[in-house]
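K.L.:
Okay, handing you the structure first.
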Amino acid sequence: MKKQKFTVHDMVIVGLMAAIVYAATTLRIEIPTPMGKTMIHMATVACLISGLLFGPVRGGLAGGIGSFFFDIFNGWASSAPFTLVFKFFIGFLAGLITGGKRCRMPRTLLASAAGSYAYTVLYLTKDFIRDLLLGGAMETAIADVSVKAVTSLTNGTLAVVVATLLAPVLRTALERAGVGGKMARR
């Protein structure tokens with residue numbers, strides 16, 4: 001098996017998709033909770049599409065990097081390292097399941113759901129542990145995570161539906177533009 005290099009083309013794809021993830025995160029509705037803010041946003045859609053179109057490595061990197069920089073520049077710097085890893089997993093899982101290639105709708109739906117809901121579990125687990133480590137009572141941590149679970153599951157489900165429907169359309173457009181042969185290398 002020949003080892004593949006990470007090319008300039010790969011860097012351009014990751015950079016472009018990371019910028020799209022960043023921009024998609026700015027389309028948000030912030031929701032205050034007792035232990036901080038949560039939000040409904042379109043970043044998960046962009047992270048899923050990155051993985052579905054460009055495979056696990058490029059898709060994961062794009063999701064993680066775009067979300068990391070959003071957190072750094074928009075008041076969530078303390079969460080940025082977690083976001084980098086957790087959002088990486090969205091694109092990585094979606095890309096791993098589809099191979100970054102055109103798939104039938106059930107497989108695309110499975111890939112989207114796996115990436116989106118894995119992120120939800122990671123995010124809620126991190127916040128629950130953080131609340132307890134900051135000295136919050138168990139009841140407070142449960143209440144905080146319960147509120148965030150509603151918004152996260154709403155966000156995640158919306159992302160699964162939108163990404164599953166949008167990815168094939170975007171793939172067709174990219175193939176017509178001549179980018180199709182270079183999409184699923186990794």
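The values are calculated or read from the model by the stated rules, or taken from the named source; none is laboratory data. These numbers were taken from a predicted model, which means no experiment stands behind them. Virtual Cβ from ideal backbone geometry, glycine too; neighbours counted across all protein chains shown. Calculation scope for accessible area: heavy atoms of the full protein, side chains included, ligands and nucleic acids excluded. Shrake-Rupley method; radii C 1.70, N 1.55, O 1.52, S 1.80 Å.
K.L.:
Only one residue in Met1, Met42 is under 25 Å from Cys103 (Cβ atoms), in contact with a strand residue (DSSP E or B) (Cβ under 9 Å, 6 or more places away or on another chain) and either at pLDDT below 90 or open to solvent by 20 Å² or more (accessible area, probe 1.4 Å) (or both). Which one?
P.N.:
Met42
K.L.:
Next question, about the same structure. Please enumerate the residues belonging to segment 18-51 that are among the aliphatic types (A, V, I, L, M), more than 11 Å from the chain's Cα centre (by Cα) and closer than 24 Å to Ala114 by Cβ.
P.N.:
Just the residues of segment 18-51 that are among the aliphatic types (A, V, I, L, M), to begin with: 18-21, 23-24, 27, 29, 31, 35, 39-40, 42-43, 45-46, 48-49.
After this cut, where a residue has to be more than 11 Å from the chain's Cα centre (by Cα) as well, the list is 19-20, 23, 27, 29, 31, 35, 39-40.
The answer is Ile20, Leu27, Met39, Ile40.
K.L.:
Oh, and also: Scan segment 19-39 for residues that are surrounded by fewer than 24 Cβ atoms within 10 Å (Cβ to Cβ) and aliphatic (A, V, I, L, M) and jot them down.
P.N.:
Ala19, Ile20, Ala23, Ala24, Leu27, Ile29, Ile31, Met35, Met39
K.L.:
Okay, moving on. Helices (runs of 4 or more DSSP H) wholly in segment 68-186 with at least 3 residues that are of a type in the set (Ser, Thr, Tyr) - which ones?
P.N.:
Output list reads 105-133, 138-176.
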